[in-house]
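First up is the structure itself, then whatever we jot down about it.
The values are calculated or read from the model by the stated rules, or taken from the named source; none is laboratory data. Every value quoted in this text rests on a predicted model; they were computed, and no experiment measured them. Glycine gets a Cβ as well: all are built from the backbone with ideal geometry, and neighbour counts include every protein chain shown. We work out accessible area using only protein heavy atoms, side chains counted, and drop any ligands, DNA or RNA first. Shrake-Rupley method; radii C 1.70, N 1.55, O 1.52, S 1.80 Å.
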Amino acid sequence: MLLRHLATGRMARVQALTGAVTAAAAHRVLGLLLRAAPLLVSLARWSRAHFRAPLPLPLHALLLARLASRGLHPLLRSELHVLAAACLHSPMSIIRALPASAAPLAADMLVLALARAAQPLAAHEAFVLAGNSHPRRRPSVFSGNALLAALVRAERVDLAERAFRAALRRRVSPDIFTFNTVISGLCKVGQLRKAGDVAKDIRAWGLPPSVATYTALIDGYCKKGRAGKMYHVDMLLKEMVDAGISPDAVTFSV
């Protein structure tokens, strides 16, 4: 109730609730609120459970900003998952509601939350909006990987490839999972040449390819069939062994 009165400017109600009849008393209340971010999350959770109603988006955005400013990332991630799971607001409305100080970090975590909530298109929208609003903000590899995996699962490899290129332009530091996800997706839709080009970029980023890298490429060529494609399989197996990477059971099953 206190937060609702604060958000709507009902300061007389705030004074009645807190007893802040002097400036010093008001400052004490303010200090308690600034330090009480975990308590505010507990209050928000109680409100949602008790009244079976979501927080108003402006109020939820203020809570997210407080969590971001205090560096309480697990709580911030949890509250963003609540927003994503509710499916009540578009990524644009959520990002626009965030205070400027919290928007870059919260937007990046929103991508992760939407991807994990099986909303790949919304996650991609949030990723694009975050890049447009904060082009110098480097996205995290965690949100990027979750987005790519969700898009590939949803058979939107075109968007996955686009997001991958955009993430690199925004100076994300990819890991081998990043590359393997894109390679696997491209192979699934038969774009073997593009998949091979992405595989060649792995070492340029100072990363060694993994058994999953080669297995995805081998799987792609095997599914294409024909003798010419199987020649590529032989070459990949040889390259794999020469690089000191042993095929595993999945490779041989393919």
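Data for the structure
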quantity: Pick from the range 196-252, criterion modelled with pLDDT under 90 and small (Gly, Ala, Ser), ranking: nearest to THR178 (Cα to Cα); calculated: GLY225
quantity: Residues located in the range 63-79, provided they are outside any helix (DSSP H, G or I) and either at positive phi or open to solvent by 70 Å² or more (accessible area, probe 1.4 Å) (or both); calculated: ARG70, GLY71
quantity: Qualifying residue in the range 69-83 (condition: farther than 26 Å from THR178 by Cβ and among the acidic types (Asp, Glu)); calculated: yes
quantity: Check on ASP201, free of Cβ contacts under 8 Å to residues at least 24 places away in the same chain and either under 15 Å from the mean Cα position of the chain (by Cα) or within 30 Å of CYS87 (Cα to Cα) (or both); calculated: no
quantity: Near pairs, Cβ below 7 angstrom, 6+ apart or cross-chain, from the range 51-76 (under 16 Å from LEU110 (Cβ atoms)) to any residue that is open to solvent by less than 30 Å² (accessible area, probe 1.4 Å) and among the hydroxyl-bearing types (Ser, Thr, Tyr); calculated: LEU55/SER47
quantity: Residue check, HIS60 open to solvent by less than 20 Å² (accessible area, probe 1.4 Å) and assigned to a helix (DSSP H, G or I); calculated: yes
quantity: Residues (free of Cβ contacts under 8 Å to residues at least 12 places away in the same chain and of a type outside the set (Asp, Glu)) located in the range 233-254; calculated: MET235, LYS238, VAL241, GLY244, ALA249, PHE252, SER253
quantity: Hits in the range 40-55 (condition: open to solvent by 60 Å² or more (accessible area, probe 1.4 Å) and closer than 15 Å to PRO74 by Cβ); calculated: SER42, ARG45
quantity: Only listed residue being closer than 30 Å to ALA126 by Cβ and part of a helix (DSSP H, G or I), chosen from THR213, THR251; calculated: THR213
quantity: Residue match in the range 187-201 (condition: open to solvent by 80 Å² or more (accessible area, probe 1.4 Å), touching a Pro at 6+ places or on another chain (Cβ under 8 Å), within 30 Å of SER133 (Cβ to Cβ) and in a helix (DSSP H, G or I)); calculated: no
quantity: Residues of the range 96-115 satisfying the condition of being over 19 Å from ARG70 (Cα atoms) and crowded, with 20+ Cβ neighbours inside 10 Å; calculated: VAL111, LEU112, ALA113, LEU114, ALA115
quantity: Any hit, the range 177-190, residues being more than 20 Å from ALA154 (Cβ to Cβ), of a type outside the set (S, T, N, Q) and either touching an Asp or Glu at 6+ places or on another chain (Cβ under 6 Å) or at pLDDT below 95 (or both); calculated: no
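Residue-wise test of (1) touching a Lys or Arg at 6+ places or on another chain (Cβ under 9 Å); (2) among the small types (Gly, Ala, Ser).
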| residue | (1), (2) |
| --- | --- |
| ILE176 | no, no |
| LEU186 | yes, no |
| GLY206 | no, yes |
| SER210 | no, yes |
| LYS223 | yes, no |
| LYS229 | yes, no |
| LYS238 | no, no |
| PRO247 | no, no |
| THR251 | no, no |
